[in-house]
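A.B. asks: My questions all concern the structure below.
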Amino acid sequence: TGRGAGGGGLSRPTAAPGGGVGVGPLVELVAGPWGNGGICASRPAEGPVVFVSGAIPGERVQVRIVEERKRYRRGMVEHVLEPSAERVAPPWPAGAALGATDMGHVRPAAARTAKGDVAAELLRHLGGVKRPFAVRAVGGEDSPAGTLGWRTKIELAVDSTGRAGMRRARSHEVTPLESMPLAVDAIADLGLFQRHWAPGSTVTAVAPSASEALWLVDGRPAEAIRREIVTVAGEDFAYELPAAAFWQLHRAAPALLAELVLNAALGWARGESRDAHLVGSVGRARGAADGGRGHSAQLPGEAAGEADWARGDSDGTVPWGKLDGARVWDLYAGAGLFTLPLAAAGAQVTAVEGERRAVGALRANARDAGLRLGGAHAADVAAALRRGLGGGRPDVVVLDPPRAGAGVGVVQAVAAAAPERIVYVACEPAALARDLGALLRDGYELTALDAFDLFPGTHHVELVAVADRS
C-alpha cells in the first residue's frame, strides 16, 4: 500500500504490489492466519478457503482469484482496504509482484515472528516437536531495505526477445527485469539486464567471496569455478568448487552455519546436552563476500567480539584439535563447507555427497588444507548408508539435505548407526518436522533448535536442530 506501520484505514482501495493479474473474480475478505508458503488461509463469506498471497492476517483485502480447485482457491491481493500495522512498502515492488519476495510487504521483525510461528506449528503437527524458538535476524539493519542485497547467486530466465527476467509464481511466462535488488553488488555490476541473451536460455550469476563474479548460460562453461573463503572460529578455510555447484545463498550463511555445526560437535565432546552448544556461543560469523569484501552476520543481543566464537572455544582457546578421535559423518557434504572445520578440529570425517564434481572439489579442498579425511564418497546418501560407511559407529552425524529433506529412510538408517549426536541443517520446516519425528520415534531427544532469517523478505527460513541419543 505504501503505508508504513500504523497506517490505519484508507479512504479508498489502494493497489497492492502483485495485484492486477485479472484472471478470475475479485472477492473481498479478511485475511486469515499465516500458512506455509507465505500465504494467509482465508475464508470468504461464500465458497472454499482462499490461500491469499500478499496479505497479512487481519487485513481486509480485495483478492483476485488466480486458481480454482474443488476444495480451495488461490488469490493475490489487488487492494488493501484495512491494512495491518505490520504492513510496509515492499523495497522491491517488482519482486513482490513476481512472488520473489512474498513477505516483502511485512515489517521484517513481524515476518520473522510469522515464519517462526508457521515453522513451530509444522514441527508440532508433523513431527510431534514442541519446543520454543525464535527466528533470528542475520546481518543488515532491521528494516525493509535490509532484506535486499543478500543473494550471492541468482538464476534468470530469458524471454523470446532475449531479455533476462523471472517467471511469475505458478507461470511459465517470463517477466523481463531491469535489476535484481536481492543480489549483492558484485552481481549487479555484471550488467545482466543490459545484455541480449539467447531466447529460452537460463542465466546463472555467481558472486564468490574470493574470486570475480561470473555468469553461466545453461550451465556453461562447465569448467567455471568459484573460490570462497569462510572464516570459522578465527580460521580461514579456502574452498574451490564448480560455479554451478551448490553453495549457501546468503552472503553470511557459510560462516554462520559452519560455526553452528562445529560448535554442536564440540558441545558433544564437552559433554553438553542442551542449547549451550548453539546460538549462545556464536558471535560474528563472517560470510560470503560482495565483490571480494567480507561481510559479518551479527546476531541480535551480541556485541561484536563478545561471544565465545569471536574468541575461540568457551574456555578462551581455539577449538582445533578438540575433536581428536571423534568419528563424524558429514552427509550431503557438498564441497566440504562443514567437512573442513570438523576435520581441522581433529575429527575423522567421512563425507558423502551425490554430486561427483562437488566430491572432487571436497577432496581437493581437504588436500590443499593439509587435512586427512576418513573418506569422501560420491554416492547417493541412502545407497551409501545401505552399503555401510565403515570406520565404526559415528559419534556425530551432520545432515544438510536438499529442501525435500533427508527422508525417513535415511533418518532411520542414521539412527540405526546409533550416533550420540545428530546435527540437522534444514531450509524446509515441513521436511525437518517429518525427519525429526522419525528420530524421536527411534529414541532420540531434541536438545537444541534454532532458526535464522537467511532468506529475508521471503517465507523461507533456515533451521538447525540437534538431537541426542536418549
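The values are calculated or read from the model by the stated rules, or taken from the named source; none is laboratory data. Worth saying up front: this structure is predicted, and the values here are computed from it rather than measured. Here Cβ is always computed from backbone atoms with ideal geometry, including for glycine, and neighbour counts include all displayed protein chains. Quick note on the areas: whole protein, heavy atoms, side chains included, nothing else; ligands and nucleic acids left out. Shrake-Rupley method; radii C 1.70, N 1.55, O 1.52, S 1.80 Å.
A.B. asks: Please specify each residue of region 437-464 satisfying the condition of being on the phi < 0 side of the Ramachandran plot and out of contact with any strand residue (DSSP E or B) (no Cβ under 6 Å at 6 or more places or on another chain).
C.D. replies: 437, 438, 440, 441, 442, 455, 456, 458, 459, 460
A.B. asks: Filter region 133-172 down to the residues that are among the basic types (Lys, Arg) and within 17 Å of residue 455 (Cα to Cα), then identify the one that is least open to solvent (accessible area, probe 1.4 Å).
C.D. replies: 153
A.B. asks: Out of the residues in region 196-230 meeting the condition of being open to solvent by less than 20 Å² (accessible area, probe 1.4 Å) and of a type in the set (Ser, Thr, Tyr), tell me which one is farthest from the chain's Cα centre (by Cα).
C.D. replies: That would be 201.
A.B. asks: Sort out which residues of region 344-365 are assigned to a loop (DSSP other than H, G, I, E, B) and surrounded by fewer than 24 Cβ atoms within 10 Å (Cβ to Cβ), and write them in order of number.
C.D. replies: Matches in region 344-365: 346, 354, 355.
A.B. asks: Take the residues in region 143-164 that are in contact (Cβ under 8 Å) with a residue 40 or more places away in the chain and assigned to a loop (DSSP other than H, G, I, E, B), then tell me which one is farthest from residue 227 (Cα to Cα).
C.D. replies: 160
A.B. asks: Here is a list: 128, 75. Which entry is open to solvent by less than 20 Å² (accessible area, probe 1.4 Å), small (Gly, Ala, Ser) and in contact with a Leu (Cβ under 9 Å, 6 or more places away or on another chain)?
C.D. replies: Every option except 75 fails the conditions.
A.B. asks: Right, here's the next one. Residues that are within 27 Å of residue 148 (Cα to Cα), open to solvent by less than 10 Å² (accessible area, probe 1.4 Å), at pLDDT 95 or above and not in a loop (DSSP other than H, G, I, E, B): does region 262-270 have at least one?
C.D. replies: no
A.B. asks: Right, something else. Only one of these is at pLDDT below 95 and in contact with a strand residue (DSSP E or B) (Cβ under 9 Å, 6 or more places away or on another chain): 205, 222, 210, 198. Name it.
C.D. replies: Result of the check over 205, 222, 210, 198: 222.
A.B. asks: Look at region 404-432 and say how many of its residues are out of contact with any strand residue (DSSP E or B) (no Cβ under 9 Å at 6 or more places or on another chain), farther than 23 Å from residue 374 by Cα and not in a loop (DSSP other than H, G, I, E, B).
C.D. replies: The total comes to 4.
A.B. asks: Within region 24-72, restricting attention to residues that are among the charged types (D, E, K, R) and assigned to a strand (DSSP E or B), which residue is surrounded by the most Cβ atoms within 10 Å (Cβ to Cβ)?
C.D. replies: My answer is 64.
A.B. asks: In addition: Could you please find all residues in region 179-195 being touching a residue at least 40 places away in the same chain (Cβ under 8 Å) and either under 30 Å from residue 73 (Cα atoms) or open to solvent by 20 Å² or more (accessible area, probe 1.4 Å) (or both)?
C.D. replies: Of everything in region 179-195, those that are touching a residue at least 40 places away in the same chain (Cβ under 8 Å) and either under 30 Å from residue 73 (Cα atoms) or open to solvent by 20 Å² or more (accessible area, probe 1.4 Å) (or both) turn out to be 181, 182, 185, 189.
A.B. asks: State all residues of region 62-91 that are over 30 Å from residue 183 (Cβ atoms) and β-branched (Val, Ile, Thr); if no residue qualifies, say none.
C.D. replies: Those that are over 30 Å from residue 183 (Cβ atoms) and β-branched (Val, Ile, Thr): 63, 65.
A.B. asks: Using the structure shown, decide if residue 446 is surrounded by fewer than 24 Cβ atoms within 10 Å (Cβ to Cβ), within 28 Å of residue 272 (Cα to Cα), over 24 Å from the mean Cα position of the chain (by Cα) and hydrophobic (A, V, I, L, M, F, W, C).
C.D. replies: The answer is no for residue 446.
A.B. asks: Pairs please, first residue from region 365-391 and in contact (Cβ under 8 Å) with a residue 40 or more places away in the chain, second anywhere and part of a strand (DSSP E or B) and among the hydroxyl-bearing types (Ser, Thr, Tyr), Cβ atoms under 7 Å, 6+ apart in sequence or on different chains.
C.D. replies: Final answer for the pair search is 365/239; 374/350; 389/350; 391/350.
Table: residues versus (1) of a type in the set (Phe, Trp, Tyr); (2) touching a Pro at 6+ places or on another chain (Cβ under 6 Å); (3) assigned to a loop (DSSP other than H, G, I, E, B); (4) open to solvent by 10 Å² or more (accessible area, probe 1.4 Å).
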site	(1), (2), (3), (4)
325	no, no, yes, yes
330	no, no, no, no
342	no, no, no, no
367	no, no, no, yes
402	no, no, yes, yes
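A.B. asks: Can you name every residue in region 377-400 that is of a type in the set (Gly, Ala, Ser) and part of a strand (DSSP E or B)?
C.D. replies: 378 - this is the single residue of region 377-400 that is of a type in the set (Gly, Ala, Ser) and part of a strand (DSSP E or B).
A.B. asks: From 447, 458, grab the single residue that is of a type in the set (S, T, N, Q), closer than 30 Å to residue 182 by Cβ and touching a residue at least 40 places away in the same chain (Cβ under 8 Å).
C.D. replies: 458
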